[in-house]
Amino acid sequence: MIQTIRGFRDILPEDIALWQKIEKTASELFDNFGFREIRLPILEKTELFARSIGETTDIVEKEMYTFPDRKGDKLTLRPEATASVVRSYIQHKMYAADPVRKFYTIGPMFRRERPQKGRYRQFYQIDAEVFGVSSPYIDAELILILNELFKRLGLSGLKAHINSLGCPECRPVFQKALKDFLTLNYDRLCPDCKRRMEKNPLRTLDCKSLSCRKALENAPSTLGHLCNECSEHFEIVKKMLVKQNVDFIVDKTLVRGLDYYSRTAFEILTTSLGAQSAVAGGGRYDSLVKELGGKDIPAIGFAIGFDRLTEIMAQVKKSDEKPGLDIFIIAIGKQAMEPGYLWMSELNLAGIKSEMDFSGRSLKSLMKRADKLNAGHVLIAGDREINENALIFRNMNTRKQNIIPMDNIIKDIKKLLKKE
Ligand code: AMP
């Protein structure tokens with residue numbers, strides 16, 4: 001049987017409602033703030049990404065799907081949208097009529113990363129970009145929009161991490177301080193960072209390797225080296241976020257993985273996907289339009305990880321959902337059938353909605369059935385539990401288990417339910 005490529009997946013009809021809801025909510029919100037949709041090709045010249053994202057970034061060094069077409073032109077499946085939006089802005093001279101433009105685009109991106117939950121080789125992003133505004137108010141507006149989108153989707157527990165990466169005026173001073181620090185700590189750096197140190201020392205700050213994290217604990221920060229203008233810019237962003245009740249923290253280790261950022265950089269992090277992970281990230285890239293052959297026009301944008309957003313929302317939905325029944329009784333083996341039936345009736349008579357399966361199927365398949373029926377709890381009674389007079393009562397949401405004897409089982413269950 002031919003299957004999908006590793007790291008690629010189908011979004012099946014049963015999941016589509018969630019994807020459509022997010023798309024609709026995002027489009028409406030963007031519309032409220034004056035953003036217009038733009039749709040771009042997923043295949044571009046490799047040079048576009050190499051020049052914009054940066055030759056020494058993980059994306060360009062290791063992760064791009066790059067191949068020659070039949071004529072030998074080097075092409076790349078886009079790993080992110082910003083470079084393409086910038087290309088389009090320049091190619092169509094959109095700045096001529098009015099340099100101030102706000103775009104959003106939603107679609108697939110491709111990175112050959114190690115696949116795992118929440119990380120795919122084809123994944124989707126909701127991307128927003130603003131051109132032609134250098135004012136910090138627009139930085140605050142973008143973070144506000146992200147915050148509002150998550151609010152409208154009913155999500156909480158998300159936090160904006162923000163930092164300023166400085167500008168071409170103050171960054172070299174910081175880079176020199178960082179390089180001096182790295183030289184002193186050279187032996188403690190991972191091989192990647194030893195290399196990065198020369199070409200792009202900033203990137204060492206977000207290295208994932210434990211040894212580098214330790215070595216860089218006391219490294220100089222961009223914030224300690226901002227010029228007056230960058231400093232004022234950052235102050236206004238923070239002030240607006242406070243005024244608009246956006247939950248944020250200043251995170252001096254946030255440098256983002258791409259070369260083109262300047263001044264404000266931000267990520268939205270969640271703890272609800274296990275380890276803390278980023279659901280969205282972005283920042284200002286004031287020199288990119290010029291570097292890609294356009295005019296000197298400032299810009300800023302963000303990308304939301306669509307797949308991760310759906311995963312958080314699916315979780316929220318699960319814990320919000322009312323159980324279909326209070327208790328599903330799992331009776332395994334002949335011994336358990338009769339008492340199981342009697343407990344079920346008694347529980348139902350007491351107003352505790354319960355069900356049981358009489359087919360004698362395995363524990364595994366009955367647990368699946370409990371899930372399908374959206375049972376709040378299961379009561380497990382197999383031969384061993386009955387012989388040992390110790391039944392398992394499990395909360396399906398919290399996964400907490402209690403062992404209860406059979407003697408006063410209904411009373412005990414009532415007590416446990418009351419305690420929750
Ligand atoms: P980045 O452009 O790397 O800042 O990514 C922006 C957002 O896209 C991240 O915060 C993630 O939520 C999401 N994202 C990035 N890479 C992947 C991936 N391989 N699979 C799923 N989501 C991703």
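So which residues in the range 33-82 are basic (Lys, Arg) and over 26 Å from LEU142 (Cβ atoms), if there are any at all? Give the steps one after another, and end with the answer.
The first filter runs over the range 33-82 and keeps only residues basic (Lys, Arg), leaving 36, 39, 45, 51, 62, 70-71, 74, 78.
Once the filter is applied, which keeps residues that are basic (Lys, Arg) and over 26 Å from LEU142 (Cβ atoms), the range 33-82 yields LYS45, LYS62, ARG70, LYS71, LYS74.
Only one of the numbered conditions (1) of a type in the set (S, T, N, Q); (2) within 12 Å of the ligand (Cβ to nearest atom); (3) touching a helix residue (DSSP H, G or I) at 6+ places or on another chain (Cβ under 7 Å) is not met by THR66, and that is (2).
Residues checked against (1) in the same structural domain as HIS92 (by TED's automatic domain parsing); (2) near the ligand (Cβ under 10 Å from one of its atoms); (3) surrounded by 23 or more Cβ atoms within 10 Å (Cβ to Cβ); (4) not polar (S, T, N, Q):
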residue	(1), (2), (3), (4)
ILE268	yes, yes, yes, yes
SER272	yes, no, no, no
GLY282	yes, yes, yes, yes
TYR285	yes, no, yes, yes
GLU291	yes, no, no, yes
ILE297	yes, no, no, yes
GLY305	yes, yes, yes, yes
THR310	yes, no, no, no
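Within the range 97-146, being among the polar types (S, T, N, Q) and at pLDDT 95 or above holds for THR105, GLN122, GLN125, SER134, SER135.
Report whether or not ALA390 is buried (at least 17 other Cβ atoms within 10 Å of the Cβ) and among the small types (Gly, Ala, Ser). If you could, list the steps in order and put the result at the bottom.
Working: buried (at least 17 other Cβ atoms within 10 Å of the Cβ): no; among the small types (Gly, Ala, Ser): yes.
Spelling it out, it is not the case that ALA390 is buried (at least 17 other Cβ atoms within 10 Å of the Cβ) and among the small types (Gly, Ala, Ser).
Scanning the range 58-73 for residues that are under 20 Å from TYR120 (Cα atoms) and in contact with a Leu (Cβ under 6 Å, 6 or more places away or on another chain) yields one hit, TYR65.
Of the residues making up the range 21-62, those that are acidic (Asp, Glu), within 16 Å of the ligand (Cβ to nearest atom) and modelled with pLDDT of 95 or more are GLU23, GLU44.
List the number of the failed condition for ILE297; all other conditions in (1) hydrophobic (A, V, I, L, M, F, W, C); (2) part of a helix (DSSP H, G or I); (3) in contact with a Pro (Cβ under 7 Å, 6 or more places away or on another chain) hold. Here ILE297 clears every test but (2).
The helices (runs of 4 or more DSSP H) falling completely within the range 309-420 that include 2 or more residues that are closer than 30 Å to TYR120 by Cβ map to 363-372.
Scanning the range 252-266 for residues that are closer than 17 Å to SER221 by Cα, near the ligand (Cβ under 9 Å from one of its atoms) and crowded, with 18+ Cβ neighbours inside 10 Å yields one hit, ARG256.
Applying the criterion of being within 8 Å of the ligand (Cβ to nearest atom) and not basic (Lys, Arg) to the residues of the range 103-114, the residue that is surrounded by the fewest Cβ atoms within 10 Å (Cβ to Cβ) is GLU113.
When each of ILE403, ILE413, ILE409, ILE380 is tested for being free of Cβ contacts under 8 Å to residues at least 40 places away in the same chain and aliphatic (A, V, I, L, M), the lone residue that passes is ILE403.
The values are calculated or read from the model by the stated rules, or taken from the named source; none is laboratory data. This is a predicted model, so every value here is computed, not measured. As a convention, Cβ positions derive from the backbone with ideal geometry for all residues, glycine included, and neighbour counts pool all protein chains shown.
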